[in-house]
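Q: Before we start, here is the structure in question, set down as structure tokens.
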Amino acid sequence: MGHMLAKEGSNIVKIQPIKVDFHPNLNEVDIIVQVLNRELFNLGGILKSVEFGAKDAVNQYMFSNEVIQIVTVSINFCIFYMAQFCI
């Protein structure tokens, strides 16, 4: 069974991927996602697609995305830093 992240009237701000591991007791699973954003109505909600898969596959997917982000930021930093000396 799922768990409630907050009580009514409280705010949760998470702009990051969230991974949930669970093991169903049956062959069928009902997944219910309730999303409400009263403050940023045009930016709130689920911003990217929801991914399902085996635990190892999801972990590998998230790890590879983090590595790509780190490499991209590092390259951009190097380009910016080098441009300071070339000007």
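The values are calculated or read from the model by the stated rules, or taken from the named source; none is laboratory data. The structure presented is a predicted model; accordingly, all values stated were derived computationally and were not measured. Glycine also receives a Cβ, built like all others from the backbone with ideal geometry; neighbour counts cover every protein chain displayed.
Q: Can you list residue pairs whose Cβ atoms sit under 7 Å apart, with the first residue in segment 51-67 being closer than 21 Å to ILE31 by Cα and surrounded by 10 or more Cβ atoms within 10 Å (Cβ to Cβ) and the second being basic (Lys, Arg) and modelled with pLDDT of 85 or more? Count only pairs 6 or more apart in sequence or on different chains.
A: Qualifying pairs under 7 Å: none.
Q: Can you tell me which residues in segment 43-87 are outside any loop (DSSP other than H, G, I, E, B) and modelled with pLDDT under 80? If you could, list the steps in order and put the result at the bottom.
A: Within segment 43-87, the subset outside any loop (DSSP other than H, G, I, E, B) is 55-86.
Selection gives PHE85, CYS86.
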